[in-house]
1. Being in contact with a helix residue (DSSP H, G or I) (Cβ under 8 Å, 6 or more places away or on another chain), modelled with pLDDT of 95 or more and either among the hydroxyl-bearing types (Ser, Thr, Tyr) or surrounded by 13 or more Cβ atoms within 10 Å (Cβ to Cβ) (or both) is the requirement here; does residue 77 meet it?
2. So, in region 1-53, exactly how many residues are of a type in the set (Gly, Ala, Ser), touching a residue at least 24 places away in the same chain (Cβ under 8 Å) and within 14 Å of ligand 2 (Cβ to nearest atom)?
3. Scan region 96-110 and give yes if some residue there is touching a helix residue (DSSP H, G or I) at 6+ places or on another chain (Cβ under 8 Å) and without any contact (Cβ under 8 Å) to a residue 60 or more places away in the chain, otherwise no.
4. Go through region 19-42 residue by residue and tally those that are loosely packed, with under 13 Cβ neighbours inside 10 Å and not hydroxyl-bearing (Ser, Thr, Tyr).
5. Can you tell me which residues in region 1-32 are touching a Ser or Thr at 6+ places or on another chain (Cβ under 9 Å) and under 17 Å from residue 58 (Cβ atoms)?
6. When you look at residue 100, is it within 15 Å of ligand 1 (Cβ to nearest atom), hydrophobic (A, V, I, L, M, F, W, C) and part of a strand (DSSP E or B), yes or no?
7. Can you say whether residue 87 is more than 10 Å from ligand 2 (Cβ to nearest atom) and surrounded by 19 or more Cβ atoms within 10 Å (Cβ to Cβ), as far as the supplied structure shows?
8. Within region 45-77, how many residues turn out to be out of contact with any Leu (no Cβ under 8 Å at 6 or more places or on another chain) and not in a strand (DSSP E or B)?
Amino acid sequence: MESVRFACQSGCTKCCDVQGYVYLSEDDLRRAARHLRLTAAEFERRFVYRTRHLLRLRKPKAKQCHFLLENGCSIHPAKPTQCRLFPFWPELLESAVAWVSTAQRCPGIGVGPLIQIGTAHETASEMKRAYPSMYED
Ligand code: SF4
Ligand code: SF4
């Protein structure tokens, strides 16, 4: 791919409803806690599952993400890095097949401004900084 088109669609929350986990960096955790006026420790106790190398949001029973409300993400200004960068994830940009398959559930892919692939990869590199253990060789 030499370039991609993308524009997030107003009112869409499809990517918040995909089966999977939402990972957080330590900075994401602190930001989201501040947004909710909680201490980082309290936010972690209520919403986060910590493993040896990763932090992820706990999943409620009936939906994919606790913060997904009818009108969208309730922590939008402080949402985790993977949510903020989607679909500019290295694993999606590095595979045309993955990009096309993701387009089937993201109506923002394929529309909007043309983005040079180098710019898209630069955006995606933030994923590697935020979640280094996920991108180790
Ligand atoms: S699925 Fe795509 S268009 Fe919809 S909210 Fe997510 S990024 Fe935006
Ligand atoms: S944190 Fe917000 S943007 Fe991320 S999955 Fe949950 S509702 Fe969606």
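The values are calculated or read from the model by the stated rules, or taken from the named source; none is laboratory data. Treat the numbers as computed from the prediction; the structure is a model and nothing was measured. Methodologically, a virtual Cβ is constructed for each residue, glycine included, from the backbone with ideal geometry; neighbour enumeration extends over all protein chains shown.
1. So residue 77 does not fit the description; no.
2. Going through region 1-53 one residue at a time, the tally reaches 4.
3. Yes; the residues of region 96-110 include at least one that is touching a helix residue (DSSP H, G or I) at 6+ places or on another chain (Cβ under 8 Å) and without any contact (Cβ under 8 Å) to a residue 60 or more places away in the chain.
4. Let us first name the residues in region 19-42 that are loosely packed, with under 13 Cβ neighbours inside 10 Å, namely 19-20, 26-27, 37, 39, 41-42.
Applying the additional criterion that residues be not hydroxyl-bearing (Ser, Thr, Tyr) yields 19-20, 26-27, 37, 41-42.
Final tally of qualifying residues: 7.
5. The answer is 23, 24, 25, 28.
6. Judged against the criteria, residue 100 is not a match.
7. It is true that residue 87 is more than 10 Å from ligand 2 (Cβ to nearest atom) and surrounded by 19 or more Cβ atoms within 10 Å (Cβ to Cβ).
8. Residues of region 45-77 that are out of contact with any Leu (no Cβ under 8 Å at 6 or more places or on another chain), as a first pass: 45, 50-54, 58-64, 68-73, 76-77.
Those still in the list that are not in a strand (DSSP E or B) too: 45, 51-54, 58-64, 70-71, 76-77.
So the answer is 16.
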